[in-house]
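Undergrad: Please find one structure pasted underneath; my questions will follow.
The values are calculated or read from the model by the stated rules, or taken from the named source; none is laboratory data. Bear in mind that the values here come from a model prediction, so they are computed numbers and not experimental data. A quick note on method: Cβ atoms are made from the backbone with ideal geometry, for glycine too, and the neighbour counts reach across all protein chains shown. Ligands, DNA and RNA are stripped out before the accessible areas are found, and what is left, the full protein with its side chains, is counted by its heavy atoms. Shrake-Rupley method; radii C 1.70, N 1.55, O 1.52, S 1.80 Å.
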Amino acid sequence: MGLFDYLRNKFSKKKKDETPVQEEEKKEETPSEEVSSESEKKAEEPAPVSSISEKEETEKPSEEEKAREDKKEELPSEEKKIENKEAYVQGMKKARRGFLYRLKSLTGMFRKVNEEYFDELEEILIEADVGTELTFRVIDEAKKDAKTFKKDTPEEINRLVIERLFAGYEEKGQDVPADVRFVKEGPTVLLTVGVNGGGKTTTIAKLAWRYKNQGKKVLLVAADTFRAGATTQLEVWTERIGVDVVTGPDGCDPSSLCYDGLKKAKEGNYDLVIVDTAGRLQNKVNLMNELAKMRRVMTKIIPEAPHETFLVIDANTGQNGIEQAKVFKEATPLTGIVITKMDGTSKGGIILPIRDKLGIPVRFIGLGEKMEDLKEFDLDDYLYGLLIGDENE
């Protein structure tokens, strides 16, 4: 089964699986319009974290009610899968038009493949931020496959190229979960790095919002003390989200702030600490020294900290993002990449050279401006959004 067929089958299966659950729920709805209306009102109200309803306090639910609640809990899981797929379809629209549509137009220009066709194909891949090194290697492999399997039409070659590209991503390993890996005891410490303007502060806010909504007690540490307004920006976000933050005066030692932050997190039984850092690349030696010092100071409070280190990269930076990743990887061990602003770029291939050259997994991807638009990275969802999307558009 080819990649395109695999994706279509997988996501059409989701739609089929979704229907019986919805229908079952509809059958079990109370026929009373008054009760139904009241349920709708309650559904619209946000549920408080760790709250106990009056019904749970006063009476034990029946077996029938338990079964009904279990089915209701299953539905959001299915809805989340569908919602994620749609988010990728919408968020990858520009990238899809810049990549897939150009491939389709190429098939109209050539009846059979030749060197001119491969030159055009190389240009499309490079402009999609796949990178020259990976592009040349995949094109060479596709040429060999074409001879071996006797493929000579543009449609067939395009599929060979695409399958080669993403098979390579799979071969680099998918064993790292996208979600933050929480430690069993004590606070989990997430260090975030990245250049200024790449969406680092907004990403921190979205991650804090995500885990606060999961019932986690979250603390932010505003250790980007050198950029004017960085602390204020983070404070504004914490007020909106409703999480705590540790700050210091502009220009103060970020390592000292990390010490205070982790101490507060440990004493206050926080689940997650997200540390912001300065995004200066002008002097790599200073960057390396600063991050190394911060990590050393953290271990004095929590020996294993930081447990995760995410590099935030703006999808619009293209190959410059690869160079940024190289510098930060030399400065500090990285456990994951967060790609931001994917919805604003027509270049959707940036994840491929990151994985190919650096071996660092993409953990989250930004598909819009809303808080919920920061999604766990899922390769199948990404491929569906980039290669198929809304086929009627």
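Undergrad: Consider the stretch 114-154. How many of its residues are surrounded by fewer than 17 Cβ atoms within 10 Å (Cβ to Cβ), in contact (Cβ under 8 Å) with a residue 24 or more places away in the chain and β-branched (Val, Ile, Thr)?
TA: Total meeting the criteria: 1.
Undergrad: Failed condition for ASP390, given (1) acidic (Asp, Glu); (2) open to solvent by 10 Å² or more (accessible area, probe 1.4 Å); (3) under 15 Å from the mean Cα position of the chain (by Cα), with all others met?
TA: Of (1) acidic (Asp, Glu); (2) open to solvent by 10 Å² or more (accessible area, probe 1.4 Å); (3) under 15 Å from the mean Cα position of the chain (by Cα), only one is false for ASP390: (3).
Conditions tested, residue by residue: (1) of a type in the set (Gly, Ala, Ser); (2) closer than 18 Å to ASP179 by Cα; (3) out of contact with any Ser or Thr (no Cβ under 6 Å at 6 or more places or on another chain).
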| site | (1), (2), (3) |
| --- | --- |
| GLY318 | yes, no, yes |
| LYS326 | no, no, yes |
| LYS329 | no, no, yes |
| THR335 | no, yes, no |
| SER346 | yes, no, yes |
| ILE360 | no, yes, yes |
| MET371 | no, yes, yes |
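Residue by residue, here is whether (1) open to solvent by less than 10 Å² (accessible area, probe 1.4 Å); (2) of a type in the set (Gly, Ala, Ser); (3) at pLDDT 90 or above holds:
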{"position": "ALA331", "(1), (2), (3)": "no, yes, no"}
{"position": "THR345", "(1), (2), (3)": "yes, no, yes"}
{"position": "GLY368", "(1), (2), (3)": "no, yes, yes"}
{"position": "LYS375", "(1), (2), (3)": "no, no, yes"}
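Undergrad: Next question. Part of a helix (DSSP H, G or I), at pLDDT below 90 and open to solvent by 100 Å² or more (accessible area, probe 1.4 Å), is that true of GLU69?
TA: no
Undergrad: Further question on the same structure: Looking at GLU290, GLU323, can you tell me which residue is over 30 Å from GLU185 (Cβ atoms) and free of Cβ contacts under 8 Å to residues at least 60 places away in the same chain?
TA: Checking each option against the conditions leaves just GLU323.
Undergrad: Here's a follow-up. For the stretch 216-240, enumerate the residues that are under 20 Å from the mean Cα position of the chain (by Cα), open to solvent by 10 Å² or more (accessible area, probe 1.4 Å) and in contact (Cβ under 8 Å) with a residue 40 or more places away in the chain.
TA: Across the stretch 216-240, the qualifying residue is only LYS216.
Undergrad: Hey, another quick one. Considering every residue within the stretch 259-282, establish whether at least one is out of contact with any Gly (no Cβ under 9 Å at 6 or more places or on another chain) and free of Cβ contacts under 8 Å to residues at least 12 places away in the same chain.
TA: yes
Undergrad: While we're on this one: Testing VAL176 on (1) more than 25 Å from GLY344 (Cβ to Cβ); (2) open to solvent by 20 Å² or more (accessible area, probe 1.4 Å); (3) among the aliphatic types (A, V, I, L, M); (4) free of Cβ contacts under 8 Å to residues at least 40 places away in the same chain, one condition comes back false. Which one is that?
TA: (4)
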